[in-house]
Amino acid sequence: MKDQKLCELRNALANSATAHYRVEDRLQRELDSLRIKLPPELIDTHFYQPEGSASGNGVTVRLPYLTSILSVLFDAMYVFWADCDRRHPPKSSTVAHAIDERLRLSMQANGEASRSGQAYASAIRPDWVKDVDNRHRHHTIAVA
């Protein structure tokens with residue numbers, strides 16, 4: 001009887017912890033999505049480290065300086081691609097519109113993101129997404 005009760009208690013604790021981490025993860029993603037909307041002048045351009053990046057995931061790059069555009073692109077990479085569901089990655093148009101909003105770029109007359117926003121969104125799109133949607137083309141050059 002005691003073993004059964006202990007097992008039930010362990011399961012209840014595990015379920016409670018799982019629920020807690022799901023809520024915490026959702027709130028962190030919401031916070032990160034708000035971060036992308038910060039005006040560039042409010043971001044410290046001398047040192048960039050997104051919240052939660054100390055987990056060991058990702059790449060560390062030392063730059064002599066950080067432009068406002070790079071800051072926005074790093075934020076967008078972190079917000080949209082760091083923990084995305086590989087089965088349902090963010091749409092390029094969503095990423096491009098977020099970049100446009102943050103950089104205060106005007107969308108095209110047809111409602112699409114600016115060409116710059118689209119180019120920036122493409123530049124930060126992970127290679128695995130490009131491979132899946134056939135946007136990453138390898139060209140071989142014949143040498144005579």
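The values are calculated or read from the model by the stated rules, or taken from the named source; none is laboratory data. Note that the structure is predicted; figures quoted are calculated from it, not measured. A quick note on method: Cβ atoms are made from the backbone with ideal geometry, for glycine too, and the neighbour counts reach across all protein chains shown. Side chains are part of the model used for accessible areas, which takes the heavy atoms of the whole protein and leaves out ligands, DNA and RNA. Shrake-Rupley method; radii C 1.70, N 1.55, O 1.52, S 1.80 Å.
A few points about this structure:
- Residue selected from region 55-113 under the condition among the charged types (D, E, K, R) and in a helix (DSSP H, G or I), by the criterion nearest to LEU31 (Cα to Cα): ASP75
- Selected residue (criterion: nearest to ASP100 (Cα to Cα)) from residues of region 39-71 that are of a type in the set (Val, Ile, Thr) and either under 11 Å from the mean Cα position of the chain (by Cα) or modelled with pLDDT under 55 (or both): ILE43
- Boolean, GLY111 is modelled with pLDDT under 85 and at positive phi: no
- Any hit, region 111-118, residues being touching a residue at least 24 places away in the same chain (Cβ under 8 Å), open to solvent by 50 Å² or more (accessible area, probe 1.4 Å) and in contact with an Asp or Glu (Cβ under 8 Å, 6 or more places away or on another chain): yes
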